[in-house]
Amino acid sequence: MPETRIIYGFHAVIGRLRQNAAAVKEIYLDRGRHDRRAQDLIRLAESHGLRVLLVDDKRLDGMTGNARHQGVAARAEHTKLPTHIDDVLDNLTEPALLLILDGVTDPHNLGACLRVADAMGVHAVIAPKDRAVGLNATVAKVASGAAETVPYIAVTNLARTMRELKEREIWLIGADEKSGQELYSAKLAGALAWVLGAEGEGLRRLTREHCDELVHIPMLGAVESLNVSVSAGICLAETRRQRRAGRIST
């Protein structure tokens, strides 16, 4: 029997219904919710032949470990994505675009990074097993379904993984505010991996040393730093812009 888990929050549940409704086994809704959002969820579930079970808020609290479930949860099959980077790279039909996260321990940050990665067509997110939050229900909620579409590769030794990516001719670009090179002057063609650290701490020394290139995001206002997911979005969007411009020019 396929492994199932509880997902919660409207974004996560609706995202799963839209991406893979067949994987959703049961949906639970707070019987006290009669708003438009709840009604939209019920209609979407019924369109896929799924019945929504009305339950007490306390039952939802127990199912989700007292998380902020917004009055909705679902039991769904766990989507099996690649767990090794080679499995991802060996099946690509375009230059690799990866996101490496070093030291991201906040589940909301990771969830937001996965959401950005999905939007920008990232082939996999790589992070160390230690000093990282890993996938959990909060990450899935914030990711709004992206945790089920973007492979999350947890590695024992990040530096070794970066060396292995170099051997596969993947260019490693680190986002470092101390770099003298601006993001917009970097050439982002070909297979590459963006390497980002947590806000405030940035990249660890060893991670930084394994990058082929370092760039900084120009800050034109009073804010000195950006959340890691915002930084990832800017870097990935610029990469996609340059790739699109390159295809058009040729």
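Some observations on this one:
- Filter result (of a type outside the set (Gly, Ala, Ser) and in contact with an Asp or Glu (Cβ under 9 Å, 6 or more places away or on another chain)) within the range 231-247: 243
- Taking every residue in the range 194-207 that is at pLDDT below 90 and pairing it with any residue that is among the β-branched types (Val, Ile, Thr) and open to solvent by 20 Å² or more (accessible area, probe 1.4 Å), at least 6 positions away or on another chain, the pairs with Cβ-Cβ distances below 8 Å are 198/105.
- Within the range 176-195, considering residues that are in a strand (DSSP E or B) and open to solvent by less than 30 Å² (accessible area, probe 1.4 Å), the one farthest from residue 227 (Cα to Cα): 192
- Residues satisfying the stated conditions in the range 1-43, i.e. closer than 21 Å to residue 136 by Cα, at pLDDT 90 or above and surrounded by fewer than 16 Cβ atoms within 10 Å (Cβ to Cβ): 25, 26
- Just so you know, in the range 144-175 the residues that are over 30 Å from residue 70 (Cβ atoms) and among the acidic types (Asp, Glu) include one that is least open to solvent (accessible area, probe 1.4 Å), and it is 164.
- Every pair of residues 6+ apart whose Cβ atoms lie under 9 Å, when the first sits in the range 174-186 and is at pLDDT below 95 while the second is open to solvent by 70 Å² or more (accessible area, probe 1.4 Å): 176/208; 177/219; 177/224
- Subset of the range 125-141 (residues that are outside any loop (DSSP other than H, G, I, E, B) and either without any contact (Cβ under 8 Å) to a residue 60 or more places away in the chain or of a type outside the set (A, V, I, L, M) (or both)): 125, 127, 128, 138, 139, 141
The values are calculated or read from the model by the stated rules, or taken from the named source; none is laboratory data. Since the structure is predicted, the reported quantities are computational estimates derived from the model, not experimental observations. Heads up, the Cβs are rebuilt from the backbone with ideal geometry, glycines too, and the neighbour counts pull from every protein chain shown. These area figures cover heavy atoms from the full protein model, side chains too; ligands, DNA and RNA do not enter into them. Shrake-Rupley method; radii C 1.70, N 1.55, O 1.52, S 1.80 Å.
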